[in-house]
There are 4 protein chains.
Amino acid sequence: MAKLTALDSSELKELKEKLVDACHILDNEGITDGYGHVSVRVPGADAFVTIANVSPGCATVRRLIMQDLDGNYLGGVNAPPNEWPIHACILKTRPDVVSVAHTHSKWSTIFSVLPIKLKPIHQYGKFLPVDGPPIYEGVGLVRDIERGSALANALGKGPAVLMRAHGDAVVGESIEQVIERTTRLAMLGEWNHLALLHGEPKYLTAAELAVYNADQRFPMRGWEYYINRLKGRKY
Amino acid sequence: MAKLTALDSSELKELKEKLVDACHILDNEGITDGYGHVSVRVPGADAFVTIANVSPGCATVRRLIMQDLDGNYLGGVNAPPNEWPIHACILKTRPDVVSVAHTHSKWSTIFSVLPIKLKPIHQYGKFLPVDGPPIYEGVGLVRDIERGSALANALGKGPAVLMRAHGDAVVGESIEQVIERTTRLAMLGEWNHLALLHGEPKYLTAAELAVYNADQRFPMRGWEYYINRLKGRKY
Amino acid sequence: MAKLTALDSSELKELKEKLVDACHILDNEGITDGYGHVSVRVPGADAFVTIANVSPGCATVRRLIMQDLDGNYLGGVNAPPNEWPIHACILKTRPDVVSVAHTHSKWSTIFSVLPIKLKPIHQYGKFLPVDGPPIYEGVGLVRDIERGSALANALGKGPAVLMRAHGDAVVGESIEQVIERTTRLAMLGEWNHLALLHGEPKYLTAAELAVYNADQRFPMRGWEYYINRLKGRKY
Amino acid sequence: MAKLTALDSSELKELKEKLVDACHILDNEGITDGYGHVSVRVPGADAFVTIANVSPGCATVRRLIMQDLDGNYLGGVNAPPNEWPIHACILKTRPDVVSVAHTHSKWSTIFSVLPIKLKPIHQYGKFLPVDGPPIYEGVGLVRDIERGSALANALGKGPAVLMRAHGDAVVGESIEQVIERTTRLAMLGEWNHLALLHGEPKYLTAAELAVYNADQRFPMRGWEYYINRLKGRKY
């Protein structure tokens, strides 16, 4: 493992600011209440940065913490979030993952305690498995490696896992992707809920999802949009 | 076809500003999220102006594009929206149409994947067919003429078409009318949804819709209202 | 009939400002969209003041109109709202009524097209009949005396009438009371809707409503609250 | 009983400011409309402070009242809230309670008139009895000791009691805890409602709630968050 970049180094300035923006976006879009966190892997290191026991909506670059994938303190405010193993265990078992978000999303909670499934009802769900995300049935805050590993196991190779009576964990190849997925998971949750009240909707099939996934996409539009909403629309 | 007015000519200044306002209204009213677009036909030309690969809520007069009805670039930012054929194909087959809006409306999505119908449950639905708008069942982003033509065909001579697992496309004789119709389609969608949870509502019949359509109406009140909300209420 | 107070006289200044505030409150509380109006009887005269063909949220003291109870123009902006007969006909048949509000309330619309009833499910409904408000089944905008009289007839001696596929009309002994009733009718509509999704709620009986109506109440608290919200909370 | 601290003494300054913030939080989070109140026990005395007949959203430190547990006036604005016995009677029978909130919460109202139960569907409900809060069936405003005592009796040793067709009363060991419980009771109400529309959710059992309650928690994060939202987010 290469020499670790220090949390207060200028190399991490942009990443830290993006992480804080990501937390604020989840708050501003109504996904998080006072709880939840987003993390990002430190480039080239077995370590991650997340918020230090503060609400996502109150996060600042001065309230971050860096930990390694066993939870050891590496810098910043020495007050890890209660559920740091969510991030540590997923990042350890999923080298493809760069960023993780954990929220107490209303919609994920609803689908976590019912047999109904949160499936791709709109093309926004093209990142999801055709049968929707799995559910982690564990009880109790994810405050140790055992629970964190069980959660990572439930997530498997997928993009998201619902956590029973608790919320969800969502992963991605970048902070931007995690935010897009987290907000869309909530939207899809609401839309599945609404549709299911009227009967079985016509979901997108695996073949149909493949058509959408084959379409070229432009990057960053959603991110620019959410940042714009966060900073206050200037029409 | 007469000589084309340039996108940056003063003749188009007011129209471009109105188009940007229209995008902002759809965002401010919660109809669009980061995606969707509104277009307007260039007066006297087989061409249209729309937003250049930017979220409606982030649109500015400097982020517009002009294209002809085959999608050829005619001016502005050379980054057409992914789904420009929605506009091009509808404007080509519907000479009566001046403006088109495409959104990922939550309510249109719900009704696009269920057998329930989005019908005139309030006099605001007087612009709709008595059985509600048709559904375009095509899958995949509308990024080519083939899909665009299929969508225009599904729209037919009507005011709106739902797009399965995607949203809707709404047309009108002016930007103002398209905005009124798009916002009302969303309202009617919500109201149909709510009512259907309690049983079959007493919809307006074709004869009753005719009574409402026969009533004189004052123009622009809704537009003034939406602009007022957009600019920040000054009570 | 005594000499009519002119619309621009200083005697009516306070009443006009309160009328405009009332319109803004209905807008700010999400009851009205671009349409609807509130009226107030001119003290000591067979006349009323309302907004002159403008959205409630855009109303100003310079956009008011005074009419007599036959709809004749008596002052202000000479552009009566489309549905002035709602106000004229109710004020003519109900001498106890000082103020009338007409809105396109979502909840009144839902209950106007279904057999379910908008009943007193909370003590806030103590002003309502135990079986909820009646429904005016007429179709078409209330633009003439015939429709206005039919609406007033449906209202009878009650506090409110739902208008099928259209909204409602609510009356009171003061502008403040009309605003409180209109906002509460919408709240009760939502709450009835929510409860009815789970079965038949335990409504307040006539005897129970009498207990609540016998309790002394403090005036103006709701009005102060709504004005506070309107002007921008200063915590 | 020790000498009573005067309401305008500097010793109570911080407590009064926190009480006013608590009222504003309930308003800002959409729990209260124009009605409801929060109280706090005066340290070391059989007395409490609450808002003096003003909406929670309009409360200021100059609009407070101090009363003893029989309702006698002890200082501040001499206009007790209509339902002061809610506070007096609960504080008298529950020495463990420091703060009481009474609101007309939408969700508590819904569950107060139906056989469905507001149960721990998310770990946020770990403060609740496994079968949800009891319901006070009394009718009429709680304006006398008899009704107040009946309400306190229905509450028993629990954290919250729903009030039929009226709202709820929530208690705690601090103002912060009462606000957290009141806001979470509303969230859990909404989430139970949503889930119950799809069938019987898998609730947390008593044993599972014990697991969550055994987890250490960090204090004040929610309070910091709500204050942040109240004062205006500064991202």
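The values are calculated or read from the model by the stated rules, or taken from the named source; none is laboratory data. Note that the structure is a prediction, hence the values are computed from the model and not measured. Note that each Cβ is placed from the backbone with ideal geometry, even for glycine, and that neighbours are counted across all protein chains shown. For the accessible areas, the whole protein counts, side chains as well, though only heavy atoms, and no ligand, DNA or RNA atoms are used. Shrake-Rupley method; radii C 1.70, N 1.55, O 1.52, S 1.80 Å.
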Note: among D:8, D:21, just one is among the charged types (D, E, K, R), surrounded by 20 or more Cβ atoms within 10 Å (Cβ to Cβ) and farther than 24 Å from residue D:146 by Cα, namely D:21
Reported set for segment D:76-106 where residues are open to solvent by 10 Å² or more (accessible area, probe 1.4 Å) and either within 12 Å of the chain's Cα centre (by Cα) or small (Gly, Ala, Ser) (or both) is D:76, D:79, D:98, D:104
inquiry  = Could you go through segment B:143-160 and let me know if any residue there is buried (at least 23 other Cβ atoms within 10 Å of the Cβ) and under 11 Å from the mean Cα position of the chain (by Cα).
reply    = yes
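Taking the options D:49, D:42, name whichever one is touching a helix residue (DSSP H, G or I) at 6+ places or on another chain (Cβ under 8 Å), over 22 Å from residue D:104 (Cα atoms) and at pLDDT 95 or above.
Details: D:49 fails: over 22 Å from residue D:104 (Cα atoms).
On inspection, the qualifying residue turns out to be D:42.
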Residue pairs qualifying under the 6 Å Cβ cut-off, at least six apart or on distinct chains, with the first in segment A:1-21 being among the basic types (Lys, Arg) and the second being surrounded by fewer than 19 Cβ atoms within 10 Å (Cβ to Cβ), are A:16/A:61
Could you tell me whether segment C:61-77 includes any residue that is under 30 Å from residue C:190 (Cβ atoms), touching a helix residue (DSSP H, G or I) at 6+ places or on another chain (Cβ under 8 Å) and not hydroxyl-bearing (Ser, Thr, Tyr)? no
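A quick yes/no check of all residues on (1) modelled with pLDDT of 95 or more; (2) open to solvent by 40 Å² or more (accessible area, probe 1.4 Å):
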site: C:176; (1), (2): yes, no
site: C:186; (1), (2): yes, no
site: C:189; (1), (2): yes, no
site: C:192; (1), (2): yes, no
site: C:196; (1), (2): yes, no
site: C:199; (1), (2): yes, no
site: C:202; (1), (2): yes, yes
site: C:207; (1), (2): yes, yes
site: C:214; (1), (2): no, yes
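Residues that are under 13 Å from the mean Cα position of the chain (by Cα), open to solvent by 10 Å² or more (accessible area, probe 1.4 Å) and either under 30 Å from residue D:141 (Cα atoms) or touching a residue at least 12 places away in the same chain (Cβ under 8 Å) (or both): does segment C:107-119 have at least one? Spell out how you get there, then give the answer.
Let us first name the residues in segment C:107-119 that are under 13 Å from the mean Cα position of the chain (by Cα), namely C:108.
Checking the rest, the ones that are also open to solvent by 10 Å² or more (accessible area, probe 1.4 Å) come to none.
No, the conditions are met nowhere in segment C:107-119.
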Only unsatisfied item for residue C:33, checking (1) surrounded by fewer than 19 Cβ atoms within 10 Å (Cβ to Cβ); (2) within 26 Å of residue C:154 (Cβ to Cβ); (3) modelled with pLDDT under 95, is (1)
Against the definition (part of a loop (DSSP other than H, G, I, E, B) and crowded, with 24+ Cβ neighbours inside 10 Å), how does residue B:165 come out, yes or no?
yes
Discussion item. Just checking, does segment B:126-136 include any residue being assigned to a helix (DSSP H, G or I), within 13 Å of another protein chain (Cβ to nearest Cβ) and either surrounded by fewer than 23 Cβ atoms within 10 Å (Cβ to Cβ) or over 16 Å from the mean Cα position of the chain (by Cα) (or both)?
Written reply: yes
A careful count of residues in segment A:168-219 that are outside any helix (DSSP H, G or I), facing chain B (nearest Cβ under 10 Å) and not β-branched (Val, Ile, Thr) gives 12
